[in-house]
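Chemist: Pasting a structure here, questions to come.
What follows draws every value from the coordinates through simple rules; no lab data is involved. Nothing here was measured: the structure is a model prediction, and the numbers come from that model. All Cβ positions, glycine included, derive from the backbone under ideal geometry; neighbour counts span all protein chains shown.
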Amino acid sequence: MDKIKRISANLPAQLLEETTKITRKGITETLIAGLKLLQRSQAYEKAKPLKGKLHLDLDLDASRERSHR
């Protein structure tokens, strides 16, 4: 795992309680899940404008190293 950074944060108690119930995990694991979700969301937003703009000419059989039957 990456280097760990210890933090102190003031969080709304109800939000923290509700989200830990959803994840069924502890506070640290819940916060990590939320941070990862934000990362994925940003990556999705960056990729969204590319939808339909990439044209790939692939030979799937060749890329999978399959012989033609």
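Chemist: Only one of the values (i) 59; (ii) 22; (iii) 44 was calculated from this structure for percent of Cα pairs over 20 Å apart; name its label.
Modeler: Among (i) 59; (ii) 22; (iii) 44, the one derived from this structure is (i).
Chemist: Taking θ = phi - 60°, what integer Hz values does the Karplus form 6.51 cos²θ - 1.76 cosθ + 1.60 yield along segment 8-17, in sequence order, with x for Gly and Pro?
Modeler: 3J(HN,Hα) across segment 8-17, in whole Hz: 10, 9, 9, 10, x, 4, 5, 4, 5, 5.
Chemist: Using r as the Cβ-Cβ distance of Y44 and D2, and R0 as 30 Å, what FRET efficiency do you calculate, to the nearest 0.05?
Modeler: Details: r = 22 Å, r/R0 = 0.73.
E(calc), rounded to 0.05, equals 0.85.
Chemist: Something else: To the nearest 500 deg cm²/dmol, what mean residue ellipticity at 222 nm is calculated for the chain from DSSP H runs of n ≥ 4 alone, each contributing -39,500 (n - 2.57), summed and divided by the residues?
Modeler: Working: 3 runs with 36 residues, N = 69.
Calculated from helices alone, the mean residue ellipticity at 222 nm is -16000 deg cm²/dmol.
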